[in-house]
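A short worksheet on the structure shown next.
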Amino acid sequence: MFYGPVPEGTLNVSEADARLLGVAGDRAGFAVTAGEFDGDGDIAVGAPENDSAAEDVGAVYLLLSNETERSGTANLLAEADAILTGVGEGDMVGFPVASLPVTEADSDSDDGTGAAADVDALLVGAPRNDN
């Protein structure tokens with residue numbers, strides 16, 4: 001992660017302010033999105049070949065923002081505030097991840113203004129889930 005402002009020119013990932021590492025072979029970072037999942041700037045990192053629950057079940061590591069910025073190298077399993085996994089072998093959860101702004105019209109609010117809510121929806125794909 002590079003905290004802004006990011007200088008112009010060519011940068012090497014070794015110059016990043018923080019590096020988030022998954023488990024060997026889980027392809028953490030295959031898909032990454034940022035959003036307001038708890039209201040203050042968060043990151044979701046997809047790892048579609050994570051084997052924690054079954055072979056290639058996949059996972060999404062959710063890192064919620066806090067008062068301090070992450071720095072150095074961090075292990076996603078240790079640093080994640082939540083880990084979403086698939087239910088069966090080959091689900092590949094986290095192959096795509098995306099954030100979607102939620103409007104008050106989409107939420108339980110009844111004022112009908114359609115104004116943006118305080119949080120985004122986290123969309124998590126599991127392309128091989130048959131359940």
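Any read-out appearing in this document is the output of simple, stated calculations on the displayed coordinates, not a laboratory observation. Small disclaimer: the values here were computed from a predicted structure and weren't measured. So basically every Cβ, Gly included, is an ideal-geometry build from the backbone, and we count neighbours across all protein chains shown.
Sequence-ordered 3J(HN,Hα) estimates for the stretch 20-30 from the Karplus curve with 6.51, -1.76 and 1.60 and θ = phi - 60° stand at 10, 10, x, 7, 3, x, 8, 6, 4, x, 4 Hz, glycine and proline given as x. What the Cβ-Cβ distance of Ala78 and Asp40 gives, at R0 = 35 Å and to the nearest 0.05, is a FRET efficiency of 0.95. Close amide H contacts of Leu21 (hydrogens built in the peptide plane, cut-off under 5 Å, sequence separation of 5 or more or a different chain): Ala74, Asn75, Leu76.
Each Lys or Arg adds one and each Asp or Glu subtracts one; over the other residues with Cβ under 12 Å from the Cβ of Ala82, this totals -4. Among 74-82, 11-19, sorting by the average number of other beta carbon atoms lying within 10 angstrom of each residue, highest first, gives 74-82, 11-19.
Backbone amide hydrogens, once placed in the peptide plane, bring Ala121 within less than 5 Å of Leu100, Val102, excluding anything fewer than 5 places away on its chain.
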